[in-house]
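Take a look at the structure set out below.
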Amino acid sequence: MTEQRVPASGTVHWVGAGLSTGSGLAMLCDAAERVRLWHRTQDRAAGALARLGLTGRAEPRAFTLPALTAELAPGDVVVSMLPAPEHAGLLGACVAQGAHFACSSYVSEAVLEQVPAATRAGLVVLTEAGLDPGIDHLFAHSLVARAREAIGAATPASYRLTSYCGGLPAVPNDFRYRFSWAPAGVLNALRAPARYIEDGVETVAERPWEVTRPHAVGGETFEVYPNRDSVPFIAQYELPPAWTPTTFVRGTLRLEGWLKAWAEVFEELKGGDDDRIGALARELAQRYPTTDADRDRVVLAVSLQVHGAEGLTWSGGYLLDLVGDEEESAMARCVSRPLAVGVRHILDGSLPPGLSRAAGTAARSEEWLDELAREGIPFTRP
(Lines give C-alpha, C1' and ligand atoms only; values in the text may rest on other atoms or scores of the structure.)
Protein backbone atom coordinates (compact mmCIF):
# COMPACT_ATOMS: atom_id res chain seq x y z
CA MET A 1 0.00 0.00 0.00
CA THR A 2 1.38 3.40 -0.97
CA GLU A 3 1.43 6.26 1.50
CA GLN A 4 1.78 8.73 -1.35
CA ARG A 5 -1.53 10.34 -2.12
CA VAL A 6 -2.08 11.55 -5.67
CA PRO A 7 -2.27 15.36 -5.40
CA ALA A 8 -5.59 16.84 -6.47
CA SER A 9 -5.38 18.53 -9.85
CA GLY A 10 -8.09 21.09 -9.08
CA THR A 11 -10.48 19.72 -11.72
CA VAL A 12 -13.85 18.27 -10.65
CA HIS A 13 -16.12 16.20 -12.92
CA TRP A 14 -19.71 16.23 -11.58
CA VAL A 15 -21.58 13.39 -13.30
CA GLY A 16 -25.37 13.61 -13.39
CA ALA A 17 -27.78 16.48 -12.76
CA GLY A 18 -30.86 14.84 -11.28
CA LEU A 19 -33.05 15.80 -8.32
CA SER A 20 -30.20 15.69 -5.80
CA THR A 21 -27.85 18.00 -7.70
CA GLY A 22 -28.08 21.34 -5.94
CA SER A 23 -26.01 24.12 -4.47
CA GLY A 24 -23.18 21.75 -3.60
CA LEU A 25 -22.15 22.11 -7.23
CA ALA A 26 -21.92 25.88 -6.75
CA MET A 27 -19.72 25.32 -3.69
CA LEU A 28 -17.31 23.35 -5.84
CA CYS A 29 -17.32 26.02 -8.52
CA ASP A 30 -15.90 28.27 -5.78
CA ALA A 31 -13.44 25.68 -4.46
CA ALA A 32 -12.11 24.01 -7.61
CA GLU A 33 -10.05 25.47 -10.40
CA ARG A 34 -12.25 23.86 -13.04
CA VAL A 35 -15.63 22.09 -12.95
CA ARG A 36 -17.29 20.05 -15.67
CA LEU A 37 -20.92 18.97 -15.47
CA TRP A 38 -21.65 15.74 -17.32
CA HIS A 39 -25.27 14.99 -18.23
CA ARG A 40 -27.22 13.03 -20.84
CA THR A 41 -26.56 15.61 -23.52
CA GLN A 42 -24.51 18.78 -23.62
CA ASP A 43 -27.70 20.83 -24.01
CA ARG A 44 -29.19 19.23 -20.90
CA ALA A 45 -25.99 19.88 -18.98
CA ALA A 46 -26.09 23.52 -20.08
CA GLY A 47 -29.75 23.73 -19.06
CA ALA A 48 -28.96 22.34 -15.61
CA LEU A 49 -26.19 24.89 -15.17
CA ALA A 50 -28.58 27.67 -16.16
CA ARG A 51 -31.18 26.40 -13.67
CA LEU A 52 -28.56 26.46 -10.93
CA GLY A 53 -27.26 29.90 -11.92
CA LEU A 54 -23.88 28.45 -12.90
CA THR A 55 -23.69 29.26 -16.59
CA GLY A 56 -20.08 30.11 -17.40
CA ARG A 57 -18.81 28.72 -14.08
CA ALA A 58 -18.78 25.07 -15.16
CA GLU A 59 -18.35 23.40 -18.53
CA PRO A 60 -21.28 21.33 -19.88
CA ARG A 61 -20.47 17.88 -21.27
CA ALA A 62 -22.44 15.00 -22.81
CA PHE A 63 -21.83 11.95 -20.64
CA THR A 64 -20.66 8.60 -21.80
CA LEU A 65 -18.12 6.61 -19.83
CA PRO A 66 -15.60 6.64 -22.71
CA ALA A 67 -16.01 10.41 -23.14
CA LEU A 68 -15.44 11.02 -19.42
CA THR A 69 -12.48 8.65 -19.32
CA ALA A 70 -10.86 10.45 -22.21
CA GLU A 71 -10.92 13.74 -20.28
CA LEU A 72 -9.71 12.39 -16.93
CA ALA A 73 -6.26 13.43 -15.78
CA PRO A 74 -4.30 12.29 -12.70
CA GLY A 75 -5.60 13.99 -9.56
CA ASP A 76 -9.00 14.91 -11.02
CA VAL A 77 -12.05 14.24 -8.84
CA VAL A 78 -15.09 12.42 -10.24
CA VAL A 79 -18.33 13.06 -8.33
CA SER A 80 -21.02 10.53 -9.21
CA MET A 81 -24.66 11.51 -8.91
CA LEU A 82 -25.66 8.52 -11.02
CA PRO A 83 -27.61 5.52 -9.64
CA ALA A 84 -25.53 3.28 -7.38
CA PRO A 85 -25.09 0.47 -9.97
CA GLU A 86 -23.16 2.94 -12.14
CA HIS A 87 -20.53 3.76 -9.50
CA ALA A 88 -18.32 0.74 -10.10
CA GLY A 89 -17.77 1.63 -13.74
CA LEU A 90 -16.90 5.20 -12.86
CA LEU A 91 -14.53 4.10 -10.11
CA GLY A 92 -12.85 1.71 -12.53
CA ALA A 93 -12.17 4.61 -14.89
CA CYS A 94 -10.81 6.65 -11.97
CA VAL A 95 -8.40 3.89 -10.93
CA ALA A 96 -7.21 3.49 -14.52
CA GLN A 97 -6.63 7.23 -14.96
CA GLY A 98 -5.40 8.11 -11.45
CA ALA A 99 -8.47 10.14 -10.43
CA HIS A 100 -10.20 10.38 -7.06
CA PHE A 101 -13.86 9.35 -6.66
CA ALA A 102 -16.78 10.61 -4.56
CA CYS A 103 -20.46 9.78 -4.22
CA SER A 104 -23.30 10.03 -1.71
CA SER A 105 -24.43 6.39 -1.95
CA TYR A 106 -23.86 3.33 0.21
CA VAL A 107 -20.78 1.30 -0.64
CA SER A 108 -21.60 -1.58 -2.98
CA GLU A 109 -19.66 -4.84 -3.22
CA ALA A 110 -18.57 -3.84 -6.72
CA VAL A 111 -17.07 -0.62 -5.33
CA LEU A 112 -15.46 -2.39 -2.37
CA GLU A 113 -13.68 -4.79 -4.72
CA GLN A 114 -11.83 -1.86 -6.30
CA VAL A 115 -10.86 -0.08 -3.08
CA PRO A 116 -7.55 -1.98 -2.61
CA ALA A 117 -6.38 -1.00 -6.09
CA ALA A 118 -7.45 2.60 -5.53
CA THR A 119 -5.64 2.69 -2.18
CA ARG A 120 -2.43 1.31 -3.67
CA ALA A 121 -2.66 3.98 -6.36
CA GLY A 122 -2.96 6.74 -3.74
CA LEU A 123 -6.57 7.59 -4.59
CA VAL A 124 -9.42 8.69 -2.33
CA VAL A 125 -12.73 6.80 -2.56
CA LEU A 126 -15.28 8.94 -0.70
CA THR A 127 -18.72 7.35 -0.19
CA GLU A 128 -21.82 7.78 1.98
CA ALA A 129 -21.28 11.54 2.03
CA GLY A 130 -24.79 12.87 1.45
CA LEU A 131 -27.80 13.09 3.77
CA ASP A 132 -28.64 9.46 4.59
CA PRO A 133 -26.07 8.07 4.36
CA GLY A 134 -23.87 11.02 5.23
CA ILE A 135 -25.05 13.60 7.74
CA ASP A 136 -26.57 10.77 9.79
CA HIS A 137 -23.07 9.27 10.14
CA LEU A 138 -21.70 12.61 11.36
CA PHE A 139 -24.46 12.92 13.96
CA ALA A 140 -23.93 9.36 15.19
CA HIS A 141 -20.13 9.65 15.47
CA SER A 142 -20.52 12.87 17.46
CA LEU A 143 -23.08 11.38 19.86
CA VAL A 144 -21.07 8.22 20.47
CA ALA A 145 -17.92 10.22 21.21
CA ARG A 146 -19.77 12.40 23.73
CA ALA A 147 -21.30 9.35 25.41
CA ARG A 148 -17.93 7.53 25.58
CA GLU A 149 -16.43 10.54 27.33
CA ALA A 150 -19.31 10.77 29.81
CA ILE A 151 -19.79 7.06 30.59
CA GLY A 152 -16.38 5.56 29.82
CA ALA A 153 -15.73 3.13 26.98
CA ALA A 154 -14.70 0.33 29.36
CA THR A 155 -17.73 0.74 31.64
CA PRO A 156 -20.47 -1.87 31.11
CA ALA A 157 -23.59 -0.15 29.86
CA SER A 158 -26.67 -0.60 27.71
CA TYR A 159 -27.68 1.79 24.98
CA ARG A 160 -30.40 2.73 22.55
CA LEU A 161 -29.46 4.37 19.25
CA THR A 162 -32.04 5.33 16.62
CA SER A 163 -31.40 7.13 13.35
CA TYR A 164 -34.39 8.02 11.20
CA CYS A 165 -34.48 10.12 8.03
CA GLY A 166 -37.20 11.03 5.58
CA GLY A 167 -38.00 13.19 2.58
CA LEU A 168 -41.53 14.54 3.10
CA PRO A 169 -44.01 16.98 1.54
CA ALA A 170 -43.75 20.29 3.37
CA VAL A 171 -47.55 20.53 3.16
CA PRO A 172 -49.05 17.11 3.94
CA ASN A 173 -51.05 15.57 1.08
CA ASP A 174 -53.46 12.62 0.92
CA PHE A 175 -50.62 10.27 -0.13
CA ARG A 176 -48.52 11.48 2.85
CA TYR A 177 -45.45 11.47 0.63
CA ARG A 178 -43.50 13.37 -2.01
CA PHE A 179 -41.14 11.52 -4.33
CA SER A 180 -37.66 12.97 -3.92
CA TRP A 181 -36.01 10.13 -5.85
CA ALA A 182 -37.11 7.58 -8.45
CA PRO A 183 -40.37 5.83 -7.45
CA ALA A 184 -38.91 2.48 -8.53
CA GLY A 185 -36.08 2.95 -6.05
CA VAL A 186 -38.54 3.79 -3.27
CA LEU A 187 -40.61 0.67 -3.92
CA ASN A 188 -37.64 -1.66 -4.26
CA ALA A 189 -36.19 -0.36 -0.99
CA LEU A 190 -39.42 -1.38 0.72
CA ARG A 191 -39.11 -4.88 -0.78
CA ALA A 192 -35.67 -5.40 0.82
CA PRO A 193 -35.52 -7.04 4.29
CA ALA A 194 -34.25 -4.94 7.20
CA ARG A 195 -31.94 -6.19 9.99
CA TYR A 196 -31.78 -4.32 13.29
CA ILE A 197 -31.66 -4.81 17.07
CA GLU A 198 -34.79 -4.52 19.19
CA ASP A 199 -35.14 -5.50 22.87
CA GLY A 200 -31.53 -6.69 22.74
CA VAL A 201 -32.28 -9.21 19.98
CA GLU A 202 -31.11 -9.14 16.37
CA THR A 203 -34.28 -9.00 14.27
CA VAL A 204 -35.07 -9.25 10.56
CA ALA A 205 -38.20 -7.68 9.07
CA GLU A 206 -38.88 -9.26 5.67
CA ARG A 207 -41.44 -6.53 4.98
CA PRO A 208 -40.12 -3.44 6.77
CA TRP A 209 -43.37 -1.50 6.59
CA GLU A 210 -45.05 -4.17 8.72
CA VAL A 211 -43.05 -3.03 11.77
CA THR A 212 -43.87 0.67 11.30
CA ARG A 213 -44.39 2.46 14.61
CA PRO A 214 -45.06 6.01 15.86
CA HIS A 215 -42.01 8.12 16.66
CA ALA A 216 -42.06 11.55 18.31
CA VAL A 217 -39.59 14.18 17.10
CA GLY A 218 -39.67 17.74 18.37
CA GLY A 219 -43.25 17.46 19.56
CA GLU A 220 -44.48 16.03 16.25
CA THR A 221 -45.48 12.39 15.69
CA PHE A 222 -44.12 10.59 12.65
CA GLU A 223 -44.13 6.96 11.49
CA VAL A 224 -40.83 5.08 11.23
CA TYR A 225 -39.59 1.69 10.05
CA PRO A 226 -36.14 0.06 9.73
CA ASN A 227 -34.32 -0.26 6.43
CA ARG A 228 -31.31 -2.11 5.06
CA ASP A 229 -28.88 -3.69 7.54
CA SER A 230 -28.32 -1.59 10.65
CA VAL A 231 -26.04 -4.02 12.49
CA PRO A 232 -22.69 -3.28 10.74
CA PHE A 233 -22.97 0.36 11.79
CA ILE A 234 -22.41 -0.58 15.43
CA ALA A 235 -18.75 -1.08 14.56
CA GLN A 236 -18.66 1.80 12.08
CA TYR A 237 -19.88 4.21 14.75
CA GLU A 238 -17.26 2.85 17.20
CA LEU A 239 -19.69 1.88 19.94
CA PRO A 240 -17.66 0.26 22.75
CA PRO A 241 -17.75 -3.55 22.97
CA ALA A 242 -18.40 -3.17 26.71
CA TRP A 243 -21.76 -1.59 25.88
CA THR A 244 -24.77 -3.76 24.98
CA PRO A 245 -27.37 -2.53 22.50
CA THR A 246 -30.99 -2.81 23.57
CA THR A 247 -32.05 -0.95 20.42
CA PHE A 248 -29.98 -0.14 17.36
CA VAL A 249 -31.90 0.83 14.25
CA ARG A 250 -31.32 3.00 11.21
CA GLY A 251 -34.51 3.61 9.31
CA THR A 252 -36.93 5.74 7.37
CA LEU A 253 -39.24 8.46 8.68
CA ARG A 254 -42.65 9.24 7.17
CA LEU A 255 -45.57 11.53 7.97
CA GLU A 256 -48.21 10.28 10.38
CA GLY A 257 -50.86 8.48 8.34
CA TRP A 258 -48.42 7.16 5.73
CA LEU A 259 -49.01 3.51 6.60
CA LYS A 260 -52.74 3.83 6.00
CA ALA A 261 -52.35 5.97 2.86
CA TRP A 262 -50.04 3.40 1.27
CA ALA A 263 -52.17 0.32 2.07
CA GLU A 264 -52.90 -0.43 -1.60
CA VAL A 265 -49.22 -0.05 -2.50
CA PHE A 266 -48.23 -2.55 0.18
CA GLU A 267 -50.70 -5.12 -1.17
CA GLU A 268 -49.04 -4.79 -4.58
CA LEU A 269 -45.58 -5.15 -3.02
CA LYS A 270 -46.57 -8.40 -1.30
CA GLY A 271 -47.40 -10.24 -4.51
CA GLY A 272 -46.09 -8.22 -7.43
CA ASP A 273 -43.21 -9.37 -9.61
CA ASP A 274 -40.52 -7.04 -10.95
CA ASP A 275 -42.57 -6.11 -14.02
CA ARG A 276 -45.63 -5.24 -11.96
CA ILE A 277 -43.60 -3.22 -9.45
CA GLY A 278 -41.98 -1.33 -12.33
CA ALA A 279 -45.41 -0.53 -13.75
CA LEU A 280 -46.65 0.54 -10.31
CA ALA A 281 -43.70 2.91 -9.98
CA ARG A 282 -44.64 4.56 -13.26
CA GLU A 283 -48.28 4.82 -12.20
CA LEU A 284 -47.36 6.47 -8.90
CA ALA A 285 -45.03 8.92 -10.65
CA GLN A 286 -47.93 10.01 -12.87
CA ARG A 287 -50.44 10.12 -10.02
CA TYR A 288 -48.21 12.04 -7.61
CA PRO A 289 -45.85 14.15 -9.72
CA THR A 290 -43.20 16.36 -8.19
CA THR A 291 -43.77 19.92 -9.41
CA ASP A 292 -41.87 23.18 -9.11
CA ALA A 293 -44.72 24.63 -7.04
CA ASP A 294 -44.70 22.19 -4.14
CA ARG A 295 -42.05 22.22 -1.44
CA ASP A 296 -40.26 19.32 0.17
CA ARG A 297 -39.14 18.83 3.74
CA VAL A 298 -36.24 16.79 5.11
CA VAL A 299 -36.25 15.48 8.68
CA LEU A 300 -33.26 13.62 10.14
CA ALA A 301 -33.35 12.64 13.83
CA VAL A 302 -30.50 10.72 15.50
CA SER A 303 -30.59 9.99 19.24
CA LEU A 304 -28.52 7.99 21.72
CA GLN A 305 -29.29 7.03 25.31
CA VAL A 306 -26.73 5.15 27.43
CA HIS A 307 -27.37 3.60 30.85
CA GLY A 308 -24.30 2.63 32.85
CA ALA A 309 -23.72 1.21 36.29
CA GLU A 310 -24.96 2.88 39.48
CA GLY A 311 -27.48 5.04 37.68
CA LEU A 312 -24.93 6.73 35.41
CA THR A 313 -26.76 7.83 32.26
CA TRP A 314 -26.16 9.99 29.21
CA SER A 315 -28.50 11.03 26.40
CA GLY A 316 -28.34 13.32 23.41
CA GLY A 317 -29.68 13.83 19.95
CA TYR A 318 -29.37 15.78 16.73
CA LEU A 319 -32.29 17.08 14.68
CA LEU A 320 -32.23 18.44 11.15
CA ASP A 321 -35.59 19.77 9.90
CA LEU A 322 -35.42 21.76 6.66
CA VAL A 323 -38.00 22.92 4.11
CA GLY A 324 -37.04 23.60 0.50
CA ASP A 325 -37.52 26.95 -1.19
CA GLU A 326 -37.94 28.36 -4.69
CA GLU A 327 -34.23 28.11 -5.41
CA GLU A 328 -33.57 24.58 -4.20
CA SER A 329 -35.26 21.56 -2.68
CA ALA A 330 -34.33 20.57 0.84
CA MET A 331 -33.23 17.17 -0.43
CA ALA A 332 -30.88 18.65 -3.05
CA ARG A 333 -29.32 20.92 -0.45
CA CYS A 334 -28.89 18.18 2.15
CA VAL A 335 -27.36 15.71 -0.32
CA SER A 336 -25.17 17.98 -2.44
CA ARG A 337 -23.67 20.25 0.23
CA PRO A 338 -22.21 17.50 2.44
CA LEU A 339 -20.85 15.85 -0.68
CA ALA A 340 -19.23 19.13 -1.70
CA VAL A 341 -17.68 19.48 1.76
CA GLY A 342 -16.13 16.04 1.32
CA VAL A 343 -14.84 16.85 -2.16
CA ARG A 344 -13.26 20.03 -0.80
CA HIS A 345 -11.31 17.81 1.59
CA ILE A 346 -10.11 15.76 -1.37
CA LEU A 347 -9.05 18.97 -3.08
CA ASP A 348 -7.17 20.25 -0.01
CA GLY A 349 -5.43 16.92 0.56
CA SER A 350 -6.86 16.22 4.02
CA LEU A 351 -8.61 12.94 3.16
CA PRO A 352 -6.29 9.91 3.08
CA PRO A 353 -6.05 7.39 0.23
CA GLY A 354 -8.56 4.56 0.37
CA LEU A 355 -12.16 4.30 1.47
CA SER A 356 -13.87 7.02 3.52
CA ARG A 357 -17.52 6.78 4.56
CA ALA A 358 -18.22 10.49 5.09
CA ALA A 359 -16.07 11.60 8.02
CA GLY A 360 -15.06 8.32 9.61
CA THR A 361 -14.01 9.59 13.04
CA ALA A 362 -15.62 11.67 15.75
CA ALA A 363 -13.05 14.47 15.44
CA ARG A 364 -13.49 14.78 11.67
CA SER A 365 -17.26 14.55 12.06
CA GLU A 366 -17.22 17.59 14.32
CA GLU A 367 -15.21 19.46 11.70
CA TRP A 368 -17.69 18.54 8.98
CA LEU A 369 -20.65 19.52 11.14
CA ASP A 370 -19.11 22.94 11.77
CA GLU A 371 -18.61 23.36 8.02
CA LEU A 372 -22.17 22.28 7.22
CA ALA A 373 -23.56 24.74 9.76
CA ARG A 374 -21.63 27.50 7.98
CA GLU A 375 -22.85 26.22 4.59
CA GLY A 376 -26.55 26.56 5.37
CA ILE A 377 -27.47 23.15 6.75
CA PRO A 378 -29.26 24.01 10.02
CA PHE A 379 -29.53 21.47 12.81
CA THR A 380 -29.87 21.41 16.58
CA ARG A 381 -26.95 20.06 18.60
CA PRO A 382 -27.14 18.12 21.88
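The values are calculated or read from the model by the stated rules, or taken from the named source; none is laboratory data. Because the structure is a prediction, the values reported are computed rather than measured. Backbone-built Cβ (ideal geometry, glycine too); neighbour counts: all protein chains shown. Keep in mind that these areas ignore ligands, DNA and RNA; they rest on the heavy atoms of the full protein, side chains included. Shrake-Rupley method; radii C 1.70, N 1.55, O 1.52, S 1.80 Å.
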- prompt: What's the carbon and sulfur percent of the chain's accessible surface, probe 1.4 angstrom, rounded to a whole number?
  reply: 51 percent
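Looking at the stretch 135-328, what % of its DSSP beta bridges pair antiparallel, to the nearest 5?
Values: 40 of 50 bridges.
Looking only at bridges with both residues in the stretch 135-328, the antiparallel portion is about 80 percent.
Please report the equivalent ellipsoid semi-axes of the stretch 78-136, computed as sqrt(5 x eigenvalue) of the Cα gyration tensor, largest first, in whole Å.
On the way: eigenvalues 67, 25, 20 Å².
After scaling each eigenvalue by five and taking roots: 18, 11, 10 Å.
Using a 1.4 angstrom probe, figure out how much accessible area the chain has per residue, in square angstrom, rounded to the nearest whole. Before the final figure, lay out each step's value.
On the way: 16290 Å² over 382 residues.
So the chain comes to 43 Å² accessible per residue, rounded to a whole number.
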- request: Determine the distance separating the Cα centre of the stretch 129-172 from the Cα centre of the stretch 227-248; give it in Å without decimals.
  value: 11 Å
- prompt: With charges only on Cβ, +1 for K and R and -1 for D and E, what is the dipole size of the stretch 231-382 about its Cα centre, in debye, rounded to 20?
  reply: 320 debye
query: Put +1 on the Cβ of every Lys and Arg and -1 on every Asp and Glu Cβ in the chain; which of Leu312, Ser142, Pro156 then has its Cα farthest towards the positive end of the dipole?
result: Ser142
message: Let me spell out the model: positive unit charges on the Cβ of Lys and Arg, negative unit charges on the Cβ of Asp and Glu, origin at the Cα centre of the stretch 11-127. What dipole size does that give, in debye rounded to 20?
response: 240 debye
